[in-house]
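Written out below as structure tokens is the structure these notes cover.
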Amino acid sequence: MRRWLIVMAYVILLIVGITNKEYLLEWLRTSDPSWLPAMFLFSVLIASIPFLPFTLFAGLMGVKFGAIVGLLINWFGILFTSLIYFFLSRYYFRNYFTAYLGKYKGINKFQGLFEKNAFIAILFGRMIVIIPPQVFNIYCGIADIPFKHFFIATAIGMLPPMFMLAYSGEQLFLSLHNLLLGVVWYFLFLLGLFLCYKFWFHNKMDPSKK
């Protein structure tokens, strides 16, 4: 059902975009600050509904407002949504979300890692996006992870991917060279980060290293 919802959401957005192409392009070309409050609210709304394409929205924010302002809009939406899921799963719908997490068996292997160093695990998880964001937020809410660690690691960890989405949107219409260069550098950054994560994960989980 969730896959069909995602497909339907993209199809509807595609149809709306095609039928209103001229208006959409004109809206993207004008950087009107009066739209900023609405965009911050939309970022939370779109990030909180799993089947809505936040990646597309994040790129459009870069097109309209530039990389820095686009980063702030995207980062605010992701961070605020993460806090919503965290508190809902910890204090209000714990049983429901515990059952929901049962569908994601692979997340159990990270339990020991979270217990050993929750801050680093969350930081890596945000930057590399190993686990779907909503699942990640719910797990952190249910697990015995201090809110301070969750908040700070999420706030820092989401900066690189949110900046890259906004930067890609901005450069898409300005310079394909800069866009490709940015993608290459970001790929190398993620590769290095992933190798660091694998090394750290192996050392933490290897009994002989204790």
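Legend: residues S82, S175, sorted from most to least accessible area (1.4 Å probe; ligands, DNA and RNA excluded), read S175, S82.
With R₀ set to 35 Å, the beta-carbon distance separating L88 from K198 gives a calculated FRET efficiency near 0.65. For the range 119-192, the gyration tensor built on C-alpha atoms gives a prolate shape. Its axis ratio a/c (a ≥ b ≥ c) is at least 1.5, and a/b is the larger of a/b and b/c. Largest to smallest in accessible area, the residues E26, E170 fall in the order E26, E170 (1.4 Å probe, all protein chains included).
The values are calculated or read from the model by the stated rules, or taken from the named source; none is laboratory data. Owing to the predicted nature of the structure, the values given are computational and were not obtained by experimental measurement. With ideal geometry, Cβ positions are generated from the backbone for all residues, glycine too; neighbour counts draw on all protein chains shown. Ligands, DNA and RNA are stripped out before the accessible areas are found, and what is left, the full protein with its side chains, is counted by its heavy atoms. Shrake-Rupley method; radii C 1.70, N 1.55, O 1.52, S 1.80 Å.
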